[in-house]
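A short worksheet on the structure shown next.
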C-alpha cells in the first residue's frame, strides 16, 4: 500500500516550470485532486502535504534533485515507512515526451535523483512513476535541457501528461501497483 507520493524536482521559482520539475507538478496535481491541506509541513528536508481523507502524504523534497535521497531517507525514518510504501515521481530523459511508465523497482537509469535515493536507502526496490521528457538532440546540452521550461507547443501535451499521471496515481492508491500497470503505462498523444 502506497503511503507517500514523492515528486522530485528543484526548489525555487527559477526551476518551477522546468522539465526537471515535472515530479513537483504531478505532486501538486495529486494533492489538489485529493484535497490535501494547502499548508505544508516543513519536515524531513521536504514540503509535506497531509491528506486528511486519505492515508497518504504528498512530498516535495527541497534538497535539490541530485540530493533527493537525503529527504527520502529521513522521510522513511520519521514516518516509519518501508521503501515499497512510497511512489517516486520524476522526469526521464530516456522516454519520449508523453510516455508514462509505472515500475515496481529498478535501477537509476542514470537519473541522479533516483541514484541519490538508491544510495541513501540502500535499495532499488521502491515504486516509481517515470514521466518522459525526451532528450535534446545534442547530448552535451542535457543540463540546459532539463532545466529549461516546456515549449509553447509542448504545454498542451504537458497538461495531458499531468492529468494522466494524476489519474494513474489515484488508480494506484485505490487498486495497488500491480493492478494499475496496464492503466498507467502508455504514451499520451
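The values are calculated or read from the model by the stated rules, or taken from the named source; none is laboratory data. Just so you know, these numbers come straight off a predicted model, no measurement behind them. Using ideal geometry, Cβ is built from the backbone for each residue, glycine included, and neighbour counts are taken over all protein chains shown.
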Response to the item:
Apart from one, (1) surrounded by fewer than 16 Cβ atoms within 10 Å (Cβ to Cβ); (2) in a helix (DSSP H, G or I); (3) out of contact with any strand residue (DSSP E or B) (no Cβ under 9 Å at 6 or more places or on another chain) all hold for residue 116; the odd one out is (1)
Fill in: Flag if residue 110 is touching a strand residue (DSSP E or B) at 6+ places or on another chain (Cβ under 9 Å) and either at pLDDT below 95 or part of a loop (DSSP other than H, G, I, E, B) (or both)
no
Worksheet entry | Any chance residue 31 is surrounded by 23 or more Cβ atoms within 10 Å (Cβ to Cβ) and more than 19 Å from residue 132 (Cβ to Cβ) | yes
Practice prompt. Among the residues of segment 171-189, count how many are at pLDDT 95 or above and buried (at least 16 other Cβ atoms within 10 Å of the Cβ).
Written response: 7
Worksheet item: Within segment 55-66, how many residues turn out to be in contact with a strand residue (DSSP E or B) (Cβ under 9 Å, 6 or more places away or on another chain) and surrounded by fewer than 21 Cβ atoms within 10 Å (Cβ to Cβ)?
Response: 2
Worksheet entry | Within segment 83-105, considering residues that are in contact with a strand residue (DSSP E or B) (Cβ under 7 Å, 6 or more places away or on another chain) and assigned to a loop (DSSP other than H, G, I, E, B), the one nearest to residue 55 (Cα to Cα) | 98
Discussion item. With the requirement that a residue be assigned to a helix (DSSP H, G or I) and either surrounded by 14 or more Cβ atoms within 10 Å (Cβ to Cβ) or at pLDDT 95 or above (or both), what does segment 149-158 give you?
Written reply: 154, 157, 158
Fill in: Filter result (outside any helix (DSSP H, G or I), surrounded by 14 or more Cβ atoms within 10 Å (Cβ to Cβ) and on the phi < 0 side of the Ramachandran plot) within segment 131-148
131, 132, 133, 135, 136, 147, 148
Worksheet entry | Residues being over 15 Å from residue 44 (Cα atoms) and either out of contact with any helix residue (DSSP H, G or I) (no Cβ under 9 Å at 6 or more places or on another chain) or buried (at least 22 other Cβ atoms within 10 Å of the Cβ) (or both) - total across segment 67-96 | 10
